[in-house]
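Novice: Have a look at this one.
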Amino acid sequence: MKTYRCDRTYLRLVLGIHLLIALAIGVAIGFVSLPLGVICGLLYAAVALFNWFKRRTYSFSLGDGVVRTQKLFTKDIDVTTPIVNIQGVSAYEGIVGALCGVGTVEISTASSHGKHVTICWPFLARHREIVELLKSEMSADRRRT
């Protein structure tokens, strides 16, 4: 089973950007009220650090006829989906992600109950390769059945 994780370099870059924003917020509000500026800056920084930590724990696996997504601090911590249930795979990237070669993979599925679910694998390096691998696994699985 091949495992993927969010790109660490990209996560550090985004964390740095958010910490600079926290500093700017603290300074801007600090001109009006220093304690309020410090509190606002620290709160923004705390949220940025939490998101950075949370995304470092994400794990995505592909193999053995299933796709597995593990994310802490979300509603569904561990989601395993058979490749047979995957209906579509797509990739997209934002501006900063495009500069860093990082993107997000979205997997559309359907369960036996007719409920459609979209699984999101964010901030992956080589995301286009992962999409092609998923598509080849899907076509191979459909040929077997």
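The values are calculated or read from the model by the stated rules, or taken from the named source; none is laboratory data. It should be emphasised that the depicted structure is a prediction, and the values quoted were computed from it without experimental measurement. Virtual Cβ from ideal backbone geometry, glycine too; neighbours counted across all protein chains shown.
Novice: Please name all residue pairs, on different chains or six or more residues apart, with Cβ atoms under 6 Å, provided the first residue is in the stretch 116-145 and is at negative phi and in contact (Cβ under 8 Å) with a residue 40 or more places away in the chain and the second residue is in a helix (DSSP H, G or I) and of a type in the set (D, E, K, R).
Specialist: Taking only residues 6 or more apart or on different chains, not a single pair turns up.
So that you can scan it fast, the table gives a plain yes or no per residue for (1) among the charged types (D, E, K, R); (2) over 25 Å from ARG128 (Cα atoms):
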residue	(1), (2)
THR9	no, no
ALA24	no, yes
ARG56	yes, no
GLY63	no, no
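Novice: For the stretch 44-53, indicate whether the set of residues that are of a type in the set (A, V, I, L, M), farther than 22 Å from THR9 by Cβ and touching a residue at least 24 places away in the same chain (Cβ under 8 Å) is non-empty.
Specialist: no
Novice: Now a separate question. Just the residues that are free of Cβ contacts under 8 Å to residues at least 60 places away in the same chain and either crowded, with 16+ Cβ neighbours inside 10 Å or not aliphatic (A, V, I, L, M) (or both), please, taken from the stretch 86-100.
Specialist: Those that are free of Cβ contacts under 8 Å to residues at least 60 places away in the same chain and either crowded, with 16+ Cβ neighbours inside 10 Å or not aliphatic (A, V, I, L, M) (or both): ILE86, GLN87, GLY88, VAL89, SER90, ALA91, TYR92, GLU93, GLY94.
Novice: Looking at (1) exposed (fewer than 14 other Cβ atoms within 10 Å of the Cβ); (2) under 21 Å from THR3 (Cβ atoms); (3) out of contact with any Lys or Arg (no Cβ under 9 Å at 6 or more places or on another chain), which is the one condition that is false for LEU134?
Specialist: Of everything listed in (1) exposed (fewer than 14 other Cβ atoms within 10 Å of the Cβ); (2) under 21 Å from THR3 (Cβ atoms); (3) out of contact with any Lys or Arg (no Cβ under 9 Å at 6 or more places or on another chain), LEU134 misses just condition (1).
Novice: Still on this structure: Can you pull out the residues in the stretch 10-35 that are over 19 Å from PHE53 (Cα atoms) and not hydrophobic (A, V, I, L, M, F, W, C)?
Specialist: Result: GLY26, GLY30, SER33, PRO35.
Novice: Going through the stretch 58-95 one residue at a time, which ones are of a type in the set (Ser, Thr, Tyr) and either over 17 Å from ARG5 (Cα atoms) or modelled with pLDDT of 90 or more (or both)?
Specialist: TYR58, SER59, SER61, THR81, SER90, TYR92
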